[in-house]
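Working notes for the structure below.
The values are calculated or read from the model by the stated rules, or taken from the named source; none is laboratory data. Please read these numbers as outputs of a predicted model, since none were measured by experiment. Cβ atoms come from the backbone with ideal geometry, glycine included; neighbour counts cover every protein chain shown. Side chains are part of the model used for accessible areas, which takes the heavy atoms of the whole protein and leaves out ligands, DNA and RNA. Shrake-Rupley method; radii C 1.70, N 1.55, O 1.52, S 1.80 Å.
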Amino acid sequence: MKPFAYHQPDQIPDAAKLLTSIEDSKLVAGGMTLIPTLKQRLASPSALVDLSKLGNLKGITDDGATITIGAMTPHAVVAASKLVQTKIPGLAALASMIGDPAVRSRGTIGGSVANNDPAADYPAGVLGLGATVITSKREIAADEFFLGLFETALDPSEIVTAIRFPVPVKAGYAKFKAPASRYALVGVFVAKFADGVRVAVTGAGPGVFRVPPMEAALSGNFDPSAIAAIKIDTDGLTSDIHAEADYRAHLVTVMAKRAVEAALS
Amino acid sequence: MGNVIGIGAAPKRKEDQRFLTGRGNYVSDIKRPGMAAGVFVRSPHGHAVLRGIDKSAALASPGVIAVLTGDDVADDGLGSLPCGWGITDAKGVPMKEPPFPMLAQDKVRFVGDMVAFVIAETPEQANAAADLLKVDYEVLPSVVGVLEAVRPDAPQLFDDVPNNICCNWELGDKAAVETAFKKAAHVAKLSLVNNRLIGNPMEPRAAIAEYEPGTDRYTLWTTSQFPHVVRFLMGALVLNIPQHKLRVVAPDVGGGFGVKQFHYGEEAVITWAAKRVRRPVKWVASRSEGYVSDRHGRDHVTEAELALDETGKFLAFRVNTLANMGGYLSTFGPNIPTNLYGPLLGGVYTTPAIYCNVKVVFTNTVPVDAYRGAGRPEATFVLERIVDVAASEMGIDRVEIRRRNMIPKEAYPYQTPVLVQYDSGDPMGCLDGALVAADVKKFGVRKAASASKGKFRGLGYSTYVEACGLAPSRFAGRLGARGGLYESATVRVHPTGQVTVMIGTHNHGQGHETTFAQIVSDKLGVAFENVDIVFGDTDRVQFGMGTYGSRSLVVGGAALSKATDKVIVKGKKIAAHLLEASEADIQFEAGKFSVAGTDRIKTFEEIAGAAYVPHNYPLEVLEPGLEEQAYYDPVNFTYPGGCHIAEVEVDPETGTVTLVNYTAVDDVGTVINPMIVEGQLHGGIVQGVGQALFENAVYDEGSGQLLSGSLMDYCMPRADHLPMMNVATHSTLCTHTPMGVKGCGEVGTIGSPAAVINAVVDALSHLGVTHVDMPATPNRIWRLLQNASLPVAAE
């Protein structure tokens, strides 16, 4: 690890100001991606701006038709939340599958969404539920937020403060864990709303994406059989030492079926 | 006074108290006054000409003390890292043995090859300076696979090693095998890959070196399984330091698995550097650094053929293997795929003719050397896989074909056609025991239950034998060993009757402090808590070859047993004097010397006291003191073995293999501590399961980059990958070790890969699958199912 300055502001505007005024500064939430990167000397920011002392970024609120999760809420809290378990059990299940207990206790929803790792779980939940990312500046719809490999619509001084999830009729998440890293080799989040179904896939490609043919099929018949024959184009999918693109494509269908099963169970 | 805890008891491990309370003392815990920090600069290229190194910016960096490179090594006239084994080809031509400089000179040959050592006041400053070192590489194409490396147009690692072949090694009667194949009713053939593994001990490697000008002595603290061997190899052959001026300490070490049983260049560089800078220097590897510098294991490509008569009797076995050595010869490197591989190809069977050819090949990868099992898992995998293939092709039950060919218990000692003679064993007994323990009779019911959930269930057998207790020195010398392989122990009885044992093996997880204390407690009748085991320090322990090859109890324990016997012999002489009886009439039992047939006794403590306060003592014929030493050189290897049965369930939708049941019945000879043996079997099995299902070191051909260079990409087995294991022993006693022990450190790793893969193949056999390469990852299984003859029933 190389030396860096450390700031722990207690107001969001102060954090935003630090982020813009110090060249090469970085936000740190739970640090589950950033700290290992620093330790491997793959990144050397001049300063870290720690979000942990900012007020009101932790906690889960019930807004009736939506629930809002503060950006600094750890995965373990979401997984154990009675509110999330009751209203969007698929999201609580997703949170419970992230990493290991240590990661779930430190890692945050805001950090995961802002980082947009192509194999992270939360982007599938956020996109699959059509959630809204609330930042220090504005609200961004999930469909506009995730822009590909580690890229989001966030501007350099923008800080994610919360995610607002609409409560679906049913939702489920199925994840095929990469054996070593336990990230999603393929993870599929399926959510049924009154006006249709959304299907979001993580792990399979350079960023989270939706599968319109599956959404159409499931909107007509919310049952695994409706998508069993839908094949995913291997174009643009990831191929690496753990899984080839055609295997990932196959797993998308299998995991989508299992996500529907989970939603129905 | 505590209790005697003897052979066969299962006390909790003595050493765990300090490990579990954070009081272990590992190399990285050690701090020396004025200690500086060192980091190694390693090649980022698999293969490159080293055109020059510009040290100036690094030297000017804050806190930097020195920057050392291969040129400095050459200027000081230091030696090459030695290889401990010299093998020859069939004509007696020695293997090609190019130099292995401790810092690269002229060329780098793998990603991780050491280019420079940067010493600074702090690790951060050393790392910062290392970033500033300008190394001018002329990058060459890399070759990482053995098949690619022996092609005529392959990149050549060394000018004088044509086709990258270090040695073309042979074993067995080629002509007899060819004759037998001509008579065969059936020939089974199998091509397979034995995947490359990375040991991943919990504690990364580390070293501290210090030079004391007042005494002209060096001390090296290192994460080693064999400090005395490091002292010899490094002092005598690399750095030219006299043995009495060099102390090597291997304190608590957090796991070895073979990875720490070599003399590494880092040890030599840091010891040499400590004198140059007149400061103690410490280096601690990161996990990432370990991936590209810890010696790797396995990595074979093999073609095997088994000739059988019409009844399924094995007539002959022929094996051709290409074995990857990596970029240089490591300490035991060429010995592993040859002497520890070929002689095991007989297995537990009566195969009369065996021929084995191994081409030992250099590639642009981390040097390959021993990893738990070392050669023997590879041999067992080839043999136990091809037995299944033959059974399937001939329509003979897999258990039945094994029975038809097994060496019967009565036939021991059994001379194989490949050098080794098994002294004892009962493979049929292990098989019978395992069949019952695994409830094989009801496997059909379990398979049907799996099928009803859309899963394929399979059962796999591995009936195997290994050679351990390394090693009889005379035999090893004939095979090319350049050192002895005995062990030594000193039993020091203190005036108050407590005992300190100095032993040349090294405890890094095996529980020696407990097992060896039990042996002493049992034999001398001394309380278990009154026995301490000292190891890992060349200044405290007389000599030793260290711990590897399941040798600690077999060879070290034998030395300890002999030394303890000598203590008893001397104690009897003292007792005879004190009891005014004839020495022949003195009996020793349960810690008491007595005159046979009388109630006259002297306790062990009284005898110890008399030995050190010799007022009433036969000084004319006996020296005072009670301390004895023994060296033990085994007369043969030991041959543990057994039967492993794996049961797997395959999810055809995802290709996931789940190990659902695992049974092992092993013959490890006399069991000193059944809890520790069970733990060794569990750990060994898990490492074998890791090879079969998860672990794979993958290099990129061309660039030589290690693609699986972190725990994120190299899959270690985890608790949730494994079922509860059903482990038992079925022991026959070794006929030539003092206590009948055979060793148990590696059996689990040797028996298990074949059992698991045989189970996977069995689960998929109805689809026409006849072989699955390791690791049987979900992607690989799915691919096989895609190509299989029957459509997959996904629902």
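Restricting attention to segment B:464-488, the residues that are more than 13 Å from residue B:554 (Cβ to Cβ) and either in contact with a Ser or Thr (Cβ under 9 Å, 6 or more places away or on another chain) or among the aromatic types (Phe, Trp, Tyr) (or both) add up to 8.
The requirement of being in contact with a Ser or Thr (Cβ under 7 Å, 6 or more places away or on another chain) and surrounded by 20 or more Cβ atoms within 10 Å (Cβ to Cβ) is fulfilled somewhere in segment B:77-85, by at least one residue. Within segment A:192-206, restricting attention to residues that are open to solvent by 10 Å² or more (accessible area, probe 1.4 Å) and outside any strand (DSSP E or B), the residue that is nearest to residue A:177 (Cα to Cα) is A:206.
Of all residues in segment A:225-248, which are of a type outside the set (A, V, I, L, M, F, W, C) and either in contact (Cβ under 8 Å) with a residue 40 or more places away in the chain or assigned to a loop (DSSP other than H, G, I, E, B) (or both)? Give the steps one after another, and end with the answer.
Just the residues of segment A:225-248 that are of a type outside the set (A, V, I, L, M, F, W, C), to begin with: A:225, A:231, A:233-236, A:238-240, A:242, A:244, A:246-248.
Correct list: A:231, A:233, A:234, A:235, A:236, A:238, A:239, A:240, A:242, A:244, A:248.
Filter the helices (runs of 4 or more DSSP H) completely within segment A:46-114 down to those with at least 3 residues that are in contact with a strand residue (DSSP E or B) (Cβ under 6 Å, 6 or more places away or on another chain). In segment A:46-114, A:89-96 are the helices (runs of 4 or more DSSP H) which contain 3 or more residues that are in contact with a strand residue (DSSP E or B) (Cβ under 6 Å, 6 or more places away or on another chain).
Could you identify the single residue in B:195, B:200 that is open to solvent by less than 60 Å² (accessible area, probe 1.4 Å), part of a loop (DSSP other than H, G, I, E, B) and modelled with pLDDT of 95 or more?
None of the other options fit; the residue is B:200.
Of everything listed in (1) open to solvent by less than 20 Å² (accessible area, probe 1.4 Å); (2) of a type in the set (Lys, Arg); (3) in contact with a strand residue (DSSP E or B) (Cβ under 6 Å, 6 or more places away or on another chain), the single unmet condition for residue A:257 is (3). Checking each residue in segment A:2-53 for being open to solvent by 60 Å² or more (accessible area, probe 1.4 Å) and at positive phi picks out only A:24.
What residue, of B:736, B:771, B:766, is more than 14 Å from every other protein chain (Cβ to nearest Cβ), over 26 Å from residue B:467 (Cα atoms), outside any helix (DSSP H, G or I) and in contact (Cβ under 8 Å) with a residue 60 or more places away in the chain?
Numbers: B:736 fails: over 26 Å from residue B:467 (Cα atoms); B:766 fails: outside any helix (DSSP H, G or I).
Step by step, each of B:736, B:771, B:766 is checked, and only B:771 is more than 14 Å from every other protein chain (Cβ to nearest Cβ), over 26 Å from residue B:467 (Cα atoms), outside any helix (DSSP H, G or I) and in contact (Cβ under 8 Å) with a residue 60 or more places away in the chain.
A quick yes/no check of all residues on (1) of a type in the set (A, V, I, L, M); (2) under 29 Å from the mean Cα position of the chain (by Cα); (3) within 14 Å of another protein chain (Cβ to nearest Cβ); (4) open to solvent by 30 Å² or more (accessible area, probe 1.4 Å):
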{"site": "B:119", "(1), (2), (3), (4)": "yes, no, no, no"}
{"site": "B:126", "(1), (2), (3), (4)": "yes, no, yes, no"}
{"site": "B:133", "(1), (2), (3), (4)": "yes, no, no, no"}
{"site": "B:146", "(1), (2), (3), (4)": "yes, yes, no, no"}
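Hey, can you tell me all the residues within segment B:35-76 that are of a type in the set (S, T, N, Q) and either at pLDDT below 95 or buried (at least 22 other Cβ atoms within 10 Å of the Cβ) (or both)?
Going residue by residue through segment B:35-76, those that are of a type in the set (S, T, N, Q) are B:43, B:56, B:61, B:69.
Those that are of a type in the set (S, T, N, Q) and either at pLDDT below 95 or buried (at least 22 other Cβ atoms within 10 Å of the Cβ) (or both): B:43, B:69.
Please work out which one of (1) surrounded by 13 or more Cβ atoms within 10 Å (Cβ to Cβ); (2) farther than 21 Å from residue B:285 by Cβ; (3) of a type in the set (Lys, Arg) is the condition residue B:32 fails and give its number. The single condition residue B:32 does not satisfy is (2).
Among the residues of segment A:1-39, none is identified as within 14 Å of chain B (Cβ to nearest Cβ), outside any loop (DSSP other than H, G, I, E, B) and aromatic (Phe, Trp, Tyr).
In segment B:780-787, the count of residues that are more than 14 Å from chain A (Cβ to nearest Cβ) and either farther than 18 Å from residue B:451 by Cα or modelled with pLDDT of 95 or more (or both) is zero.
Candidates in segment B:714-729 are the residues that are assigned to a loop (DSSP other than H, G, I, E, B) and surrounded by 20 or more Cβ atoms within 10 Å (Cβ to Cβ); of these, the one that is nearest to the other protein chains (Cβ to nearest Cβ) is B:715.
Residue-level analysis places residue A:252 among those that are touching a residue at least 24 places away in the same chain (Cβ under 8 Å) and within 14 Å of another protein chain (Cβ to nearest Cβ).
Looking at B:576, B:559, B:584, which one is exposed (fewer than 15 other Cβ atoms within 10 Å of the Cβ), of a type in the set (Gly, Ala, Ser) and in a helix (DSSP H, G or I)? Steps first, please.
Details: B:576 fails: exposed (fewer than 15 other Cβ atoms within 10 Å of the Cβ); B:559 fails: exposed (fewer than 15 other Cβ atoms within 10 Å of the Cβ).
After applying the criteria, what remains is B:584.
Having 2 or more residues that are in contact (Cβ under 8 Å) with a residue 40 or more places away in the chain, buried (at least 20 other Cβ atoms within 10 Å of the Cβ) and within 14 Å of chain A (Cβ to nearest Cβ) is the bar; report the strands (runs of 3 or more DSSP E) wholly within segment B:602-711 that clear it.
B:656-667
Total residues in segment A:140-191 satisfying the condition of being more than 14 Å from chain B (Cβ to nearest Cβ), touching a residue at least 12 places away in the same chain (Cβ under 8 Å) and part of a strand (DSSP E or B): the figure is 20.
Report, by residue number, each residue of segment B:212-235 that is farther than 20 Å from residue B:502 by Cβ and crowded, with 24+ Cβ neighbours inside 10 Å. Correct list: B:223, B:233, B:234. Entry remark, segment B:415-427: residues being buried (at least 20 other Cβ atoms within 10 Å of the Cβ) and not in a loop (DSSP other than H, G, I, E, B) number 2 in total.
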